[in-house]
Amino acid sequence: MNKWVIGASVLIGAVVLAAWRAEATYLSWLAGRTEGQTLEARQSLLKDGIEVLLPTDADTPVPVVLMFHGCAGPRMEFQRQWAQVMNDEGFAALIVDSTGPRGYSRQDALDVVCQGDALLGQERAGDVLAAYEIAAADPRLDASRLVLAGWSHGAWTIMDFLTMDMKNRRPAGMDGVLAPVADVDGVVLFYPYCGVGTHTRLRGWDKRPPTLALIAGSDEIVDGPQCVKVLEKRQSEGYDIQLTVYPHANHVFDDPFLEPDWIHWYSEDAHRDAEKKVRAFLTGMKD
């Protein structure tokens with residue numbers, strides 16, 4: 001390799017490193033500007049926005065799946081179809097509403113959260129911790145057997161949460177002493193956002209639970225190939241990630257309740273295959 005190629009490689013490396021440091025610094029700056037809130041206050045904010053769906057005739061306490069919706073807020077018919085899958089596999093499903101309790105209508109969330117102007121993954125990661133504490137206090141639930149499931153922005157939120165040890169790195173805006181979740185048995189990620197502003201792009205996870213990642217290869221909302229690259233890097237570092245890419249599927253490919261203008265994004269084949277994989281993954285979590 002001649003010296004000019006070496007020089008170019010060094011320069012590119014320096015630019016990449018500077019960009020990485022700039023992004024990490026900017027996220028830290030944004031975190032410092034986030035309004036502070038204790039864990040107890042976050043629990044109080046969210047508790048009335050959590051719907052708990054239990055398996056029929058299950059012996060309690062039952063294992064738990066915490067479900068985190070996309071940036072526009074929960075679509076309850078859509079969320080409940082997946083909650084039914086969780087229930088069928090013997091898990092309680094907790095649908096966590098992160099936007100309604102904060103006063104966002106669906107249009108507000110589309111205009112603000114989906115544009116990255118509010119509630120970044122690093123801030124919403126506090127909702128994961130708060131929802132876990134709410135589940136742990138419910139005698140019907142066994143929060144020591146825990147799965148986190150997220151769709152789009154919710155998947156970003158979970159991945160950011162996994163990078164945090166609650167001491168040196170914590171959710172933006174969370175005040176006071178924070179204890180990390182004792183364990184996470186599994187993670188399910190649907191078409192996650194892995195771009196600029198995500199901590200998983202910048203650093204590894206504090207916890208490395210078995211993970212099922214379902215990527216839309218023709219995603220028009222997030223960059224699917226970028227997320228594949230990020231997750232493959234984590235695989236190369238020894239993370240247990242089952243990665244499935246649906247080459248022709250679009251964002252929200254698993255939502256048969258989409259409005260007429262968007263229903264063409266629904267893929268029954270990808271949806272059914274994803275459901276089969278989620279069921280198998282949850283069965284493995286109970287073994």
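Rule-based calculations on the coordinates, nothing more; no lab input. No experiment lies behind these values; they were computed from the predicted model shown. Positions of Cβ are backbone-derived with ideal geometry, glycine not excepted, and every protein chain shown enters the neighbour counts.
Within the chain, what percent of beta bridges assigned by DSSP are antiparallel, to the nearest 5?
Numbers: 4 of 33 bridges.
For the chain, the DSSP antiparallel bridge percentage is about 10.
Over 14 Å apart: what share of the alpha carbon pairs of the stretch 213-287 falls there, rounded to a whole percent?
Of the Cα pairs, 64 percent sit more than 14 Å apart.
Given H placed 1.01 Å from N in the peptide plane, which residues other than close sequence neighbours of VAL62 have an amide H under 5 Å from its amide H?
LEU141, ASP142
At R0 = 22 Å, how high is the FRET efficiency between VAL228 and ARG169 if r is their beta carbon distance? Nearest 0.05 is fine.
On the way: r = 25 Å, r/R0 = 1.13.
For VAL228 and ARG169, the calculated efficiency is 0.35.
Please rank ASP219, ASP269, fewest neighbouring Cβ atoms within 10 Å first, as an exposure proxy.
Working: ASP219 22, ASP269 11.
Fewest to most other Cβ atoms nearby, the residues stand as ASP269, ASP219.
So which DSSP H runs in the chain come out at 30 Å plus along the axis (Cα) with average Kyte-Doolittle of at least 0.0?
3-33
Give, as a single signed number, the net charge of other residues whose beta carbon lies under 13 Å from the beta carbon of ASN168, with Lys and Arg counted +1 and Asp and Glu -1. Could the numbers behind the result be given before it?
Values: positive: LYS167, ARG169, ARG170, ARG203; negative: ASP165, ASP206.
It works out to a net charge of +2.
Using alpha-carbon pairs under 8 Å, 6+ residues apart, how would you state the relative contact order of the chain in percent?
Working: 512 pairs, mean separation 48.5, N = 287.
The normalised contact order for the chain reaches 17 percent.
Specify which labelled value, from (1) 79, 42, 38; (2) 71, 46, 41; (3) 83, 54, 28, agrees with Cα extents along the principal axes in Å derived from the coordinates of the model shown.
Correct label, based on the coordinates given: (2).
Amide H to amide H under 5 Å from ASP175: which residues, 5+ apart in sequence or cross-chain, H placed 1.01 Å off N in plane?
GLN37, THR38, LEU39
Per residue of the stretch 54-60, what does 6.51 cos²θ - 1.76 cosθ + 1.60 with θ = phi - 60° give for ³J(HN,Hα)? Whole Hz please, x for Gly and Pro, Karplus curve as stated.
Going residue by residue, I get 9, x, 5, 6, 7, 6, 8 Hz, with x marking Gly and Pro.
Only helical DSSP H runs with n ≥ 4 go in: add -39500 (n - 2.57) per run for the chain, normalise by residue count and round the 222 nm mean residue ellipticity to 500 deg cm²/dmol.
Dividing the helical sum by the residues of the chain leaves -13500 deg cm²/dmol.
For a quick check: sort TYR104, TYR26 by the number of other beta carbons within 10 angstrom, fewest at the front. Display every interim value, and only then the final one.
Working: TYR104 21, TYR26 12.
Fewest to most other Cβ atoms nearby, the residues stand as TYR26, TYR104.
Return the sequence-ordered ³J(HN,Hα) values of the stretch 244-255 in whole Hz as given by the Karplus equation 6.51 cos²θ - 1.76 cosθ + 1.60 applied to θ = phi - 60°, using x for Gly and Pro.
Rounded to whole hertz, the list is 10, 10, 9, x, 9, 8, 9, 3, 6, 5, 9, 10.
Springs between alpha-carbon atoms under 10 Å, Gaussian network over the chain: tell me which of ASN87, ASN168, ASN250 tops the mean-square fluctuations.
Maximum fluctuation in the GNM of the chain, among the listed residues, is at ASN168.
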